[in-house]
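All remarks here apply to the structure that follows.
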Amino acid sequence: MLVFLARRVSAAVGTLFLSSVLVFLAVQALPGDVAGQILGKDATPDAVAALRGRLGLDRPAWERYADWMGGALHGDFGTSLVSQRPVGGEVAAHLANSALIAGVTVLFAVTGSIVLGVIAGLYRDRWPDHLISTVSLVGMSVPEFVVATVLVLCFSIALPWFPAVVLYGPDASVGQLLPAVWLPALALAVVMAAYIVRMARTSVIDVMAGEYVTTARLKGLSSWRVVTRHALPSALLPTLHVIALNVAWLVGGVAVVENVFNYPGIGKLMLSSVQNRDLPVIQAVALVSAVVYTVCNLAADLGAMALNPKLRTRGRIR
């Protein structure tokens, strides 16, 4: 088990290092000149050159990367070129808001999708399976911004139960954001649950056809015990990685949905930073998203090892 953990942590660290390099290079490759955009079209070449020197843009790329990573390891991502505020504080505030909406989404989407996937798998080719599969396929096919728009029309205009947009900034409290969380969370849950339902259904069908499930039934175990003690843990193994990727997708920020509802999350921060060419914020958000994806994948591997005793004895995932 310790060997497995060491390998996974080493792989995670290597992934984050490569991600940081790619993020830095991608941001540096963006077209246009940051200093020229900040000063405007009427800026003189001397003023642009002076600002480039003040921002450190005239230094070699490897020096700028080393300074950026050195600061990032200590939680210092620099200063925003637009707001002149510390980038770490801005990212933390927006990330906390995205975590709030992600938590509500996961609470409903993951729990409901696993239950529906198990039901669909157990009632294969019968009406519950057909109904659940049809709804999940529709959820996979419809873009999230369409779902969000329909929810606004239904529950903000036709039935004014929830606010259509968020009127607070990133420093809003949980109490201020909570009334506006439900519609974005529902829009994300529809899209997220569709993929988990399909994977859970397929896994349950495969596991229920296994020999050990047949043996458990021949021993006279009840259907409930067969499903909960023998089939469900094995069926959840391939579903864990799908759940991990979807959770990372949520916490990393779903820019489209956040933009529709004007939700002050990490995705909306990324959009505004790209529009304003705020390089320090873009780099910080991209790196934080990479960290979230890596941590979620590591958590999925640990969860798979906890559910499958064979993985604990082998010390690695095959």
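What follows is calculated from the coordinates using simple rules that are stated; it is not laboratory data. Not measured: the values here are computed from a predicted model. Note: ideal-geometry Cβ built from the backbone for every residue, glycine included; neighbour counts use all protein chains shown.
See the values below:
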{"quantity": "Integer Hz, Karplus 6.51/-1.76/1.60 couplings in order for region 70-78, x for Gly and Pro", "calculated": "x, x, 4, 5, 9, x, 9, 9, x"}
{"quantity": "Dimensions (Å) - region 241-289, Cα atoms, principal axes, largest first", "calculated": "34, 25, 12"}
{"quantity": "Magnitude of the charge dipole, region 93-314, Cβ model with Lys/Arg +1 and Asp/Glu -1, debye to 20", "calculated": "840 debye"}
{"quantity": "Scaled radius of gyration (Cα, divided by 2.2 N^0.38 Å) that region 93-314 gives", "calculated": "1.16"}
{"quantity": "Calculated FRET value between ASP206 and VAL9, using beta carbons and R₀ = 41 Å, to 0.05", "calculated": "0.85"}
{"quantity": "Alpha-carbon Rg/Rh ratio, for region 96-139, with Rh computed the Kirkwood way", "calculated": "1.15"}
{"quantity": "Amide H contacts of THR79 (H built 1.01 Å from N, under 5 Å, at least 5 apart or other chain)", "calculated": "VAL87"}
{"quantity": "Model label zone, LEU178; criterion: amide N under 17 Å from point 7 Å along Cα-to-beta-carbon; scope region 150-166", "calculated": "162-163"}
{"quantity": "Summed side-chain charge close to LEU183 - residues other than LEU183 whose Cβ falls under 14 Å, Lys, Arg +1, Asp, Glu -1", "calculated": "-2"}
{"quantity": "Förster radius 45 Å - calculated FRET efficiency between ASP171 and LEU131 (Cβ-Cβ, nearest 0.05)", "calculated": "0.55"}
{"quantity": "Contour excess over end-to-end distance, with Cα ends at ALA50 and ALA26 and 0.36 nm allotted per residue", "calculated": "6.2 nm"}
{"quantity": "HN-Hα J in Hz across region 123-130 - Karplus 6.51, -1.76, 1.60, θ = phi - 60°, x for Gly and Pro", "calculated": "10, 4, 6, 10, 4, x, 5, 4"}
{"quantity": "Counted charge near ARG124, where neighbours are those whose Cβ lies closer than 15 Å (Asp, Glu -1; Lys, Arg +1)", "calculated": "0"}
{"quantity": "Chain lengthening between LEU16 and LEU159 when straightened (0.36 nm per residue, less Cα-Cα)", "calculated": "46.9 nm"}
{"quantity": "LEU245-MET140 FRET efficiency (beta carbon distance; Förster radius 22 Å; 0.05 resolution)", "calculated": "0.95"}
{"quantity": "In sequence order, calculated HN-Hα J values of region 274-291 (Karplus, 6.51, -1.76, 1.60; Hz; x Gly/Pro)", "calculated": "5, 5, 9, 6, 8, 4, x, 6, 4, 4, 5, 5, 5, 5, 4, 4, 5, 4"}
{"quantity": "Linear extension gain, HIS74 paired with ALA96, 0.36 nm per residue minus alpha-carbon span", "calculated": "6.0 nm"}
